[in-house]
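Trainee: If you scroll down you'll find the structure; I have some questions about it.
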Amino acid sequence: MSILMFLFIYVFTTARDTKDTLIVSSAGAEAIPFLKLYGVMPCATLFIVGYSKLSDAVGKHTLFCTTVLSFFAFYVLFAFVLFPLRDTLHFLPAPGVTSSPAQLLLRYWSYSLYFIVSELYASAGVPLLFWQCANDVTSLSKAKRFYPLFAVTGNLAPIVSGKIMGWVVSRQKSQDDVGFGQTLRTLALIKVGICVGILGIYRLVYRTGGNTDDESADNQTVAFKKPKKKKVPLSQSIAELSKSKELRSMAIMVLCYNVCIELTEVLWKGLLRKTYTSKSSYMGFMAGFSQTVGVIAFVMQLGVTQIIEKLGWKRTALIPPIAMGLLALPFFGAVMLLPKDGSSTTGRWGMTIATALTIGTAQNVISKVSKYSLFDPCKEMAYIPLGPEAKVKGKAAVDVLGARLGRSLGSASQQAMVLVAGGTILRCAPALGVLYLASIVFWIDSVGVLGKLFTAEDKKREVCDWVQDKSETVCVTESK
């Protein structure tokens, strides 16, 4: 499972760095909110509908393989067909004609498509496909020990990805789009090998690990034959699942995290574009950024098991929003001090773009490290006691649609502010800071609600263990 997580995160890291390079260098950071709201969100909704219908029609193994192969097929198609034919496929403007961010997204439509697919993979890869598999073969009592260990190996992926991407970029024969195309093809071939590895390990995991939904290793769940249930529409399933306090709380956590990430990332990428103007230099920076995230996440992950055992679920889950909120304040403050008209690189109190970029980079590193090391394991542990439908459709709705909705809310806010501020995201820092802090407050509140439910589940399990010890009988805990 650790290797499987490593492979998923490796692809996610390379796809993330590539999609940002393509869009920011061609359309600007201001175009990202438009693309996420009008491109990613509708496609995420269609993905959920298609994924749900496919889950009703085929088995979980076929569902997994079909979803994985679809993503990797696109990455190969883009590297070997779409990007080489970019000048023919794109609607290039006449010399001297200026375009709005939305118009640039349409002109460079293949870059926009790559961004959309990569955003869907970010929500469907590790959050949905990997953790669905992990939750299926891991019992709740083992999750506290093994889930942080999965992430230890998984968090090596950004380090390896950054090293490989930096090496591939350095081997480019030129720093123009021709050299960048060579990098894309090399990365695509690596992805093909990783796809084979993911499918092979997935089959091996189920062959050796089995399914804990039917037979738990610690006898906390009694095996039983499930009757075949009538298929229900996705809308009805989500309506029923929305009655669950656990799923509602997890949905708020996911939504608020993604709103926060969206509000800081676009500002940060706006500073990056001013500093790294070519695709190759931008991707080179992102490769180093990924390595930094991987190293810090790996070191932190070594102690996550002890953190969860000592602090408990609730206190551990509170660390990401508190840490992100404290680090976001100086970043928004630094951007507010920069000159608004862009006529100078030095603003009030001697604040420079380089300093603001350094603060923003540190904030983004901590945000991603806290997500990979603490947020994800805590969230996934909360899925385990839930019923089978909640683990499939509920998880898909929360992790894919909830994540996309959070990004879209952040994007819509930025889009409105960019229009009011005159086309530059850097002028929106004060208002974005207020929205960021409001999201942190809602996030902390949802952790408190879910923490009470999780504590009650632990107490039930302790009672069951005591009954088993005294009566030597099997104690049954029902899935919610």
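The values are calculated or read from the model by the stated rules, or taken from the named source; none is laboratory data. If you're wondering where the values come from, they're calculated on a predicted model, not measured in any experiment. Cβ: placed from backbone, ideal geometry, glycine included. Neighbour counts: every protein chain shown. Ligands, DNA and RNA are stripped out before the accessible areas are found, and what is left, the full protein with its side chains, is counted by its heavy atoms. Shrake-Rupley method; radii C 1.70, N 1.55, O 1.52, S 1.80 Å.
Trainee: So, in the stretch 1-54, how many residues would count as being within 29 Å of Ala151 (Cβ to Cβ), open to solvent by 30 Å² or more (accessible area, probe 1.4 Å) and of a type in the set (A, V, I, L, M)?
Mentor: Of the residues in the stretch 1-54, 4 are within 29 Å of Ala151 (Cβ to Cβ), open to solvent by 30 Å² or more (accessible area, probe 1.4 Å) and of a type in the set (A, V, I, L, M).
Trainee: Additional query: Output yes when any residue across the stretch 298-308 is under 13 Å from Val369 (Cα atoms) and open to solvent by less than 20 Å² (accessible area, probe 1.4 Å), and no when none is.
Mentor: yes
Trainee: Using the structure shown, decide if Ala29 is within 28 Å of Val259 (Cβ to Cβ) and in a helix (DSSP H, G or I).
Mentor: Against the criterion (within 28 Å of Val259 (Cβ to Cβ) and in a helix (DSSP H, G or I)), Ala29 does not qualify.
Trainee: Moving on to the next point. Determine which member of the set Ser118, Ser110 is crowded, with 23+ Cβ neighbours inside 10 Å, at pLDDT 85 or above, in a helix (DSSP H, G or I) and of a type outside the set (D, E, K, R).
Mentor: Ser118
Trainee: Somewhere in the stretch 263-271, is a residue modelled with pLDDT of 85 or more and open to solvent by 30 Å² or more (accessible area, probe 1.4 Å)?
Mentor: no
Trainee: Considering each residue of the stretch 59-95, count those that are within 18 Å of Ala124 (Cα to Cα) and not in a helix (DSSP H, G or I), and give that number.
Mentor: 1
Trainee: Take the residues in the stretch 82-101 that are touching a Lys or Arg at 6+ places or on another chain (Cβ under 7 Å) and not polar (S, T, N, Q), then tell me which one is surrounded by the most Cβ atoms within 10 Å (Cβ to Cβ).
Mentor: Top of the filtered list is His90.
Trainee: Turning to a different aspect of this structure: Is it true that Leu329 is within 23 Å of the chain's Cα centre (by Cα), under 23 Å from Leu255 (Cα atoms) and open to solvent by 20 Å² or more (accessible area, probe 1.4 Å)?
Mentor: Yes; evaluated as a whole, the condition is true for this residue.
Trainee: Is it true that Lys225 is loosely packed, with under 14 Cβ neighbours inside 10 Å, at pLDDT below 80 and either at positive phi or touching a helix residue (DSSP H, G or I) at 6+ places or on another chain (Cβ under 7 Å) (or both)? Walk me through how you get there before you give the answer.
Mentor: Values: loosely packed, with under 14 Cβ neighbours inside 10 Å: yes; at pLDDT below 80: yes; either at positive phi or touching a helix residue (DSSP H, G or I) at 6+ places or on another chain (Cβ under 7 Å) (or both): no.
Considered against the rule, which asks whether it is loosely packed, with under 14 Cβ neighbours inside 10 Å, at pLDDT below 80 and either at positive phi or touching a helix residue (DSSP H, G or I) at 6+ places or on another chain (Cβ under 7 Å) (or both), Lys225 comes out as no.
Trainee: Among Pro330, Pro339, which is the only one that is at pLDDT below 75 and of a type outside the set (Val, Ile, Thr)? Let's see the steps before the verdict.
Mentor: Numbers: Pro330 fails: at pLDDT below 75.
Answer to the check: Pro339.
Trainee: Is there a residue in the stretch 60-81 that is open to solvent by less than 20 Å² (accessible area, probe 1.4 Å), in contact with a Gly (Cβ under 7 Å, 6 or more places away or on another chain) and touching a residue at least 40 places away in the same chain (Cβ under 8 Å)?
Mentor: no
Trainee: Could I ask something else about it? Out of Ser281, Ser249, report the one residue that is farther than 12 Å from Thr361 by Cα and in contact with a helix residue (DSSP H, G or I) (Cβ under 7 Å, 6 or more places away or on another chain).
Mentor: Sole residue among the options that is farther than 12 Å from Thr361 by Cα and in contact with a helix residue (DSSP H, G or I) (Cβ under 7 Å, 6 or more places away or on another chain): Ser249.
Trainee: Within the stretch 398-413, track down each residue that is modelled with pLDDT under 75 and open to solvent by less than 20 Å² (accessible area, probe 1.4 Å).
Mentor: Asp399, Val400, Gly402, Ala403, Arg404
Trainee: Of the residues Leu46, Leu4, which is without any contact (Cβ under 8 Å) to a residue 60 or more places away in the chain and part of a helix (DSSP H, G or I)?
Mentor: Going through Leu46, Leu4 in turn, just one is without any contact (Cβ under 8 Å) to a residue 60 or more places away in the chain and part of a helix (DSSP H, G or I): Leu46.
Trainee: Give the residue, chosen from Thr277, Thr292, that is modelled with pLDDT of 65 or more, surrounded by fewer than 18 Cβ atoms within 10 Å (Cβ to Cβ), among the β-branched types (Val, Ile, Thr) and closer than 30 Å to Lys173 by Cβ.
Mentor: Thr277
Trainee: Return yes or no: is Ser161 out of contact with any Lys or Arg (no Cβ under 6 Å at 6 or more places or on another chain) and either free of Cβ contacts under 8 Å to residues at least 12 places away in the same chain or farther than 28 Å from Cys65 by Cβ (or both)?
Mentor: no
Trainee: Would you confirm whether or not the stretch 110-131 contains a residue that is over 23 Å from Tyr10 (Cβ atoms), of a type outside the set (Phe, Trp, Tyr) and more than 25 Å from the chain's Cα centre (by Cα)?
Mentor: Start the filter on the stretch 110-131 by keeping residues that are over 23 Å from Tyr10 (Cβ atoms), which leaves 110, 112.
Filter once more, so that each one left must be of a type outside the set (Phe, Trp, Tyr): 110, 112.
Then keep just the ones that are more than 25 Å from the chain's Cα centre (by Cα); that gives none.
No; the residues of the stretch 110-131 include none that is over 23 Å from Tyr10 (Cβ atoms), of a type outside the set (Phe, Trp, Tyr) and more than 25 Å from the chain's Cα centre (by Cα).
Trainee: Next up: Restricting attention to the stretch 149-202, which residues are assigned to a helix (DSSP H, G or I), open to solvent by 40 Å² or more (accessible area, probe 1.4 Å) and among the polar types (S, T, N, Q)?
Mentor: Scanning the stretch 149-202 gives Thr153, Ser170, Gln182, Thr186.
Trainee: Can you name the condition, by its number, that Met351 falls short on among (1) open to solvent by 10 Å² or more (accessible area, probe 1.4 Å); (2) over 26 Å from Ala382 (Cβ atoms); (3) in contact (Cβ under 8 Å) with a residue 60 or more places away in the chain?
Mentor: Every condition holds for Met351 apart from (3).
Trainee: Still on this structure, I have one more. What are the pairs with Cβ atoms under 8 angstrom where one residue, in the stretch 129-145, is more than 28 Å from Leu69 (Cα to Cα) and among the charged types (D, E, K, R) and the other, located anywhere, is at pLDDT 80 or above and part of a helix (DSSP H, G or I)? Sequence gap at least six, or different chains.
Mentor: That search, which allows pairs on different chains as well, returns Lys144/Ile308; Lys144/Glu309.
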